[in-house]
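**Q** Sharing a structure with you now.
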Ligand code: SF4
Ligand code: MG
């Protein structure tokens, strides 16, 4: 498999009054061309911070402390973390597009959806002019399966349902034919039947546009539905990486094992891990050694002392745990 993104040693800290929050620490992974790569874990594990840091979308008091994000663009490899403001903005929305949880927040209430979709293309000069932009916007509404697109194109966001708005946001994300689509909890704000339709739509569009997808979610049901490969995060670090089959059939990290045990029905949401006693650690003063040791049923002395490195234990299956 050919990597499109190589993330190495990515570290983000937030400088708050209470202290330095070590939100993510030495996160490394590859994303392959054309796959759906899922980043999973509980709320606060650093999966959103990781996805945002990929294109420097970290706001003060957060800072990317170190790391590199090599993007294999059509013009060769680029370290996205070395680009200046203007250069990274050019990449964002064009080569790499984001979809966030709340479709409402992603749309401007003052403009109709046709204008907003057209604007995404005009800004990046991927259409000749506004007229061309509106024409393409209509095509996009058709592709994301909005019923009656000719009249819907003039709708304002408040005139649409949550599911329809998320279709518009997804369509806007795809306007410039991005190489990578980063979707952060794209269905979490929607009700269950609409969730399934949106996931189906994302799979359809991924095939049509040949886009690589990075999916951020805490929902193992969504992961099972969508992911080719999975990275499990815990307390700002990668615990395990593998194919969907490796992770579901043979989870190695005690945290992953707990995560899967906590979800007897994969379509239910997990906010907390009932199967694993203890709480998510404070990231101002994270536990030493393995950050999972206070909650781990297998913790040994070394787990308190030494940070486990991410090691490949079978082909393509990596785990950060002293048991291996
Ligand atoms: Fe548990 Fe130790 Fe493995 Fe951490 S390194 S998950 S504490 S066994
Ligand atoms: Mg999040």
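Laboratory data are not the source of any read-out in this text; all were calculated from the coordinates shown. All values reported here derive from a predicted model rather than from experimental measurement. Glycine also receives a Cβ, built like all others from the backbone with ideal geometry; neighbour counts cover every protein chain displayed.
**Q** Taking the chain as the reference, fit the longest principal axis to its C-alpha atoms, fit the long axis of helix 192-209 to the helix C-alpha atoms, and give the angle between the two in degrees, 0 to 90, nearest 10.
**A** Helix 192-209 sits at roughly 80 degrees to that axis.
**Q** Can you give the calculated 222 nm mean residue ellipticity of the chain, where each DSSP H run of n ≥ 4 adds -39,500 (n - 2.57) and the sum is split over every residue, rounded to the nearest 500 deg cm²/dmol? Mind dumping the intermediate values first?
**A** Numbers: 12 runs with 104 residues, N = 324.
One gets -9000 deg cm²/dmol as the mean residue ellipticity at 222 nm.
**Q** Let me ask something else. Pairing the Cα long axis of helix 130-143 with the longest principal axis of the chain, what angle in degrees results, from 0 to 90 and rounded to the nearest 10?
**A** Compared with the principal axis, the helix lies near 60 degrees.
**Q** Specify the residue with the greatest mean-square fluctuation among 313, 232, 49, computed from a Gaussian network of the chain linking alpha-carbon atoms under 10 Å apart.
**A** The residue with the greatest mean-square fluctuation here is 313.
**Q** How much of the calculated P(r) for the chain lies past 31 Å, in percent of all Cα pairs?
**A** 33
**Q** For Cα pairs less than 8 Å apart in space and 6+ apart in sequence, what is the mean separation divided by the residue count of region 1-78, i.e. the relative contact order in percent?
**A** Across region 1-78, relative contact order equals 42 percent.
**Q** Going by average Cβ density within 10 Å per residue, which order do the peptides 298-307, 99-108, 152-161, 251-260 take, highest to lowest?
**A** For the peptides 298-307, 99-108, 152-161, 251-260, the packing ranking is 251-260, 99-108, 152-161, 298-307.
**Q** On a 0 to 90° scale, report how tilted helix 162-174 is relative to the longest principal axis of the chain, with both axes built from alpha carbons and the result rounded to the nearest 10.
**A** On a 0 to 90 degree scale, this one is about 90.
**Q** Any chance you could get the radius of gyration and Dmax over the Cα atoms of region 16-68, in Å?
**A** Considering region 16-68 through its Cα atoms, Rg and Dmax are 12.4, 42 Å.
**Q** Note down the relative contact order for region 68-155 as a percent, whole number, built from C-alpha pairs under 8 angstrom at least six residues apart.
**A** Dividing the mean separation by the residue count of region 68-155 yields 19 percent.
**Q** Something else about it: What percent do you get for the relative contact order of the chain when only Cα pairs under 8 Å and 6+ apart count?
**A** Averaging sequence separation for qualifying contacts and normalising by length gives 20 percent for the chain.
**Q** Something else about it: To check you understand DSSP bridge types, tell me what percent of the beta bridges within the chain (both residues inside) are antiparallel, rounded to 5. Display every interim value, and only then the final one.
**A** Values: 33 of 52 bridges.
Of the beta bridges lying entirely in the chain, close to 65 percent run antiparallel.
**Q** Taking the Cα centre of each part, how many Å lie between region 163-189 and region 1-50?
**A** When both Cα centres are located, 20 Å separates them.
**Q** I need the fraction of alpha carbon pairs in region 168-260 separated by more than 16 Å, rounded to a whole percent.
**A** Values: 2444 of 4278 pairs.
That fraction is 57 percent.
**Q** With all distinct Cα pairs included, what does the Kirkwood hydrodynamic radius of region 105-184 come out to in Å, to one decimal, could you say?
**A** Radius from the Kirkwood sum: 12.4 Å.
**Q** Oh, and also: Regarding region 39-195, what is the average projected area of its C-alpha convex hull, in nm²? Provide the component values of the computation, followed by the final result.
**A** Working: hull surface 42.2 nm².
Computing the convex hull of the Cα atoms and averaging its projections yields 10.6 nm².
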